[in-house]
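Only one structure is covered here, and it is reproduced in the block below.
The values are calculated or read from the model by the stated rules, or taken from the named source; none is laboratory data. Note that the structure is predicted; figures quoted are calculated from it, not measured. With ideal geometry, Cβ positions are generated from the backbone for all residues, glycine too; neighbour counts draw on all protein chains shown.
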Amino acid sequence: MRKIELIDTTFRDGQQSPLMFDSNKYKFNLEEKKVLIRGLIKLGIRYIEFFSPIVNDTEKQDFIAIKKYVLEELRVSNVTFIAHCRVHKDDIKVALQTGFNGLNLYIGTSKQSIKYKHGKQISDIKKIASEIIKEVRKNNKNIYLRFSGEDAFRTNIKDLIKVYDSVCNYVDTFGIPDTVGCATPSNVEIVVTKMKNRYKNNLETHFHNDRGYSFINTITAVESGANFIDTSIWGMAERSGINSTTGTLLNLYLQDKNLVKGYNLENCYPLNVLMASILNMHVPYNEPVSLTNRTHIAGVHTGAVLKNSSSYEATDLEKFGVTSRALLLGPLSGWNVVYYYLKEVLYYKCSEEEAKQVTVKFKNESTNSNRYNTPKEILEKVANKFGLKRYEEKVEGVKRVENLE
């Protein structure tokens with residue numbers, strides 16, 4: 001096992017995302033699922049979570065087809081397919097019959113779950129979990145088995161330990177999910193450290209982003225001993241989502257390159273673009289592995305980036321597949337990018353002094369730019385008014401920072 005294993009939950013929590021409804025997708029069809037799972041496997045993901053097959057027959061049949069596709073067409077045999085199941089015999093029976101080789105068994109352990117969901121006390125939860133999980137392990141020696149106290153970070157730690165103690169000899173991994181996104185880094189450090197010191201089992205975390213803490217909570221959990229991290233493409237999940245698959249790899253890489261050995265990082269951005277093509281949307285502007293993270297607008301920024309990109313790009317995103325950069329032309333542009341654009345994109349013969357003069361006029365006129373009157377078209381008009389001449393042939397051998405078109 002690698003130091004950190006990502007469990008991608010795009011096909012489970014991701015399909016519960018409000019974003020699916022915003023884009024009017026509602027669900028991924030089978031072909032889209034195949035395309036996405038191929039992208040995840042190319043990235044190096046080997047743990048993939050799905051709905052329990054009791055959710056509906058379509059999800060059940062899709063999983064059967066996906067597993068066959070992975071094993072027979074992609075010819076990848078080391079994938080753990082995890083069914084997200086209640087601690088319930090019927091759920092487990094159907095999941096095993098359907099062909100899952102991994103189970104995430106969960107039950108709510110917080111006072112809110114006890115009061116408003118199932119009404120069972122901690123002593124009841126402990127009894128139910130231990131009886132069912134012991135039986136599952138007895139009959140399925142080689143299955144990957146995870147047990148999670150749902151809403152773990154609103155559960156009294158002593159109660160969580162009582163339940164986990166009863167099954168620690170039968171599960172591979174303990175899940176510590178922040179189901180409602182209430183955890184803070186200090187909470188995470190305390191809970192994960194206690195679990196790490198008490199159990200030999202692997203530890204998995206699942207952080208929702210309700211407070212905007214999902215990435216920092218994930219890194220804190222890793223530093224405290226967690227070695228399985230739940231993610232999804234774009235961070236798609238219930239409400240505000242969870243930490244994104246590619247953003248998590250980026251953060252782990254910056255923390256310690258050894259944490260992401262075995263992942264094909266250059267496939268990160270292509271995976272994000274793949275999702276964009278399916279949802280007919282742009283890659284989210286706040287996704288760390290995105291073209292927007294290599295896009296510069298202000299004159300000070302573009303001028304500096306033209307000299308050396310590290311001035312405003314702290315991370316080498318080319319390692320993660322973002323091989324382009326965008327220097328946007330408009331009313332905020334400085335003369336450096338206008339000069340660059342005139343010479344290397346539009347092929348005007350132009351001095352620095354002429355570019356500075358053109359910039360003043362261009363900045364004023366481009367405030368009214370739109371899709372029918374683009375900044376590029378405005379700049380050409382201004383350049384022509386100044387009497388600038390073009391090279392008769394495109395200049396060969398010019399090292400371009402980016403095609404700004």
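Here are the numbers for the structure shown:
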{"quantity": "Test: Glu131 is within 26 Å of Asn197 (Cα to Cα), assigned to a helix (DSSP H, G or I) and either modelled with pLDDT of 95 or more or among the charged types (D, E, K, R) (or both)", "calculated": "yes"}
{"quantity": "Odd one out for Ile82 among (1) surrounded by fewer than 20 Cβ atoms within 10 Å (Cβ to Cβ); (2) out of contact with any helix residue (DSSP H, G or I) (no Cβ under 7 Å at 6 or more places or on another chain)", "calculated": "(1)"}
{"quantity": "All positions within the range 338-365 that are part of a helix (DSSP H, G or I), buried (at least 21 other Cβ atoms within 10 Å of the Cβ) and at pLDDT 90 or above", "calculated": "Val338, Tyr339, Leu342, Ala355, Val358, Thr359, Phe362"}
{"quantity": "Of residues in the range 17-55 being of a type in the set (S, T, N, Q) and modelled with pLDDT of 95 or more, the one farthest from Asn264 (Cα to Cα)", "calculated": "Ser52"}
{"quantity": "Selected residue [assigned by TED's automatic domain parsing to the domain that holds His84 and out of contact with any helix residue (DSSP H, G or I) (no Cβ under 9 Å at 6 or more places or on another chain)] from Asn201, Asn227", "calculated": "Asn227"}
{"quantity": "Residue in the range 86-95 that is within 26 Å of Val192 (Cβ to Cβ) and in contact with an Asp or Glu (Cβ under 8 Å, 6 or more places away or on another chain) present", "calculated": "no"}
{"quantity": "Whichever residue in the range 303-324 is of a type outside the set (Gly, Ala, Ser) and part of a helix (DSSP H, G or I) and, among such residues, is surrounded by the fewest Cβ atoms within 10 Å (Cβ to Cβ)", "calculated": "Lys307"}
{"quantity": "Candidates Leu274, Leu306, filtered to the one that is touching a residue at least 60 places away in the same chain (Cβ under 8 Å) and within 25 Å of Val337 (Cα to Cα)", "calculated": "Leu306"}
{"quantity": "Test: residue in the range 177-189 that is in the same structural domain as Ile92 (by TED's automatic domain parsing), over 28 Å from Gly14 (Cα atoms) and modelled with pLDDT of 95 or more", "calculated": "no"}
{"quantity": "Test: residue in the range 85-105 that is closer than 30 Å to Asn280 by Cα and of a type in the set (A, V, I, L, M)", "calculated": "no"}
{"quantity": "Scope the range 107-129; condition surrounded by 19 or more Cβ atoms within 10 Å (Cβ to Cβ), over 15 Å from Lys158 (Cα atoms) and among the polar types (S, T, N, Q); matching residues", "calculated": "Ser113"}
{"quantity": "The one condition in (1) surrounded by 16 or more Cβ atoms within 10 Å (Cβ to Cβ); (2) assigned to a helix (DSSP H, G or I); (3) among the aliphatic types (A, V, I, L, M) that Val300 fails to fulfil", "calculated": "(1)"}
{"quantity": "Every pair of residues 6+ apart whose Cβ atoms lie under 6 Å, when the first sits in the range 215-230 and is closer than 20 Å to Asp172 by Cα while the second is acidic (Asp, Glu) and crowded, with 21+ Cβ neighbours inside 10 Å", "calculated": "Phe228/Glu204"}
{"quantity": "Subset of the range 134-149 (residues that are outside any helix (DSSP H, G or I) and in contact with a strand residue (DSSP E or B) (Cβ under 9 Å, 6 or more places away or on another chain))", "calculated": "Asn140, Ile143, Tyr144, Leu145, Arg146, Phe147, Ser148, Gly149"}
{"quantity": "Glu204, sole failed condition from (1) free of Cβ contacts under 8 Å to residues at least 40 places away in the same chain; (2) farther than 30 Å from Lys343 by Cα; (3) over 13 Å from the mean Cα position of the chain (by Cα)", "calculated": "(1)"}
